[in-house]
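Just so it is clear, none of the values below were taken in a lab; they were calculated from the coordinates. None of the values given here were measured: they were computed from a predicted structure. Methodologically, a virtual Cβ is constructed for each residue, glycine included, from the backbone with ideal geometry; neighbour enumeration extends over all protein chains shown.
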Amino acid sequence: MSMISANLQAVQARIELACARAGRPSGSVQLLAVSKTFDAEAVRQAWSAGQRAFGENYVQEGVEKVQQLRAAGLAGIEWHCIGPLQSNKTRPVAEHFDWAHTVDRLKVAQRLSEQRPPELPPLQVCVQVNVDGGPNKSGVLPEQALELAQAVAALPRLRLRGLMCIPEPAPDFASACAVFGRARALFDALNAQGLALDTLSMGMSDDLEAAVASGSTLVRVGSAIFGARHYPAPA
């Protein structure tokens, strides 16, 4: 068994245990394997171990892996763009990815809708919310989320699925649950306004248990699957 395969099993076990402790059904939380900075071979190993959903933060790096692995014949992979979306990067996301988690401006959503090829199914999208109010973080403020979500839901070639958040690291489990709980409350409030949301994208390697306890339906896990990342030194 490869290291990646063993790590996937360990992460899935963590998710299942977190679901059991929260009184949630087995299988109610999807695992998104975050493969940024790792090569196509690492993704292939995870795919061979049964993983099918992968997240990429850097658009060009992600597109290259999408193209390599499709050319290699790997079937059934679902590609999620989970990094910041600039207006000049929307076309490759619209053309190559299945999901975009980080929509926080109507302009970005409009461009994704306009640029989604008609032969592809609608792009699945989440609105990113700055749930803990960090001044330098991406995401719409919670009080502006309903207006943006309603506008995104009305666009053709997109399907609004839910909310995504990346809060600052919390000092303990209870604090993490409190922040994630705000995202869950907002998710419920938007659904009460008639938005049929089914995806709450929150939780990563270090805090997935708190996210699951707070209602996450999708956790984004990278280092616990692929190992520590090594970023190139700045020039």
For Lys137, which lysines qualify as cross-link partners when the Cα separation must be under 23 Å and same-chain residues fewer than eight apart are set aside?
Lys36, Lys89, Lys107
Quick one, can you get me the convex hull of the C-alpha atoms of region 52-180 expressed as volume per residue in Å³?
119 Å³
Given C-alpha coordinates of region 150-235, what is the ratio Rg to Rh with the Kirkwood estimate of Rh?
1.07
Build a GNM of the chain with springs between Cα atoms under 10 Å: which of Phe54, Phe38, Phe187 gets the top mean-square fluctuation?
Phe38
Residues with amide H under 5 Å of Gly203's amide H, sequence separation 5 or more or different chain, H placed in the peptide plane at 1.01 Å from N; which?
Arg220
Segment Ala72-Asp206, extension gain: residue separation times 0.36 nm, minus the distance between their alpha carbons
45.0 nm
Given Cβ point charges of +1 (Lys, Arg) and -1 (Asp, Glu) and nothing else, what value in debye, to the nearest 20, does the dipole of the chain about its Cα centre take?
320 debye
Would you calculate a helix-derived [θ] at 222 nm for the chain, using -39,500 (n - 2.57) for each DSSP H run of n ≥ 4 and dividing by the full residue count, to the nearest 500?
-12500 deg cm²/dmol
Vicinal HN-Hα couplings computed from phi for region 55-62 (Karplus, 6.51 cos²θ - 1.76 cosθ + 1.60; Hz; Gly/Pro x)
x, 10, 8, 9, 4, 5, 4, x
Burial-style ranking of 194-202, 132-140, 207-215, average other-beta-carbon count within 10 Å with highest first, yields 207-215, 194-202, 132-140
For Arg159, enumerate residues with amide H under 5 Å from its amide H, sequence gap 5+ or separate chain, H modeled in the peptide plane.
Leu123, Gln124, Val125
Highest-MSF residue in the chain out of Gln144, Gln124, Gln45 [GNM, Cα springs under 10 Å]:
Gln144
Potential extension, Ala10-Asp172 segment - 0.36 nm per residue separation minus Cα distance:
56.2 nm
Taking R0 as 22 Å and r as the Cβ-Cβ distance between Glu61 and Asn136, the FRET efficiency 1/(1 + (r/R0)^6), rounded to the nearest 0.05, comes to 0.40
Evaluate the relative contact order of the chain (contact order divided by residue number), counting alpha-carbon pairs under 8 angstrom at least 6 apart; express in whole percent.
20 percent
Along region 184-191, what does the Karplus equation 6.51 cos²θ - 1.76 cosθ + 1.60 (θ = phi - 60°) give for ³J(HN,Hα), rounded to whole Hz, x for Gly and Pro?
5, 5, 5, 4, 5, 5, 5, 5
Beta carbons within 10 angstrom, averaged per residue: use that to sort the peptides 22-30, 86-94, highest first.
86-94, 22-30
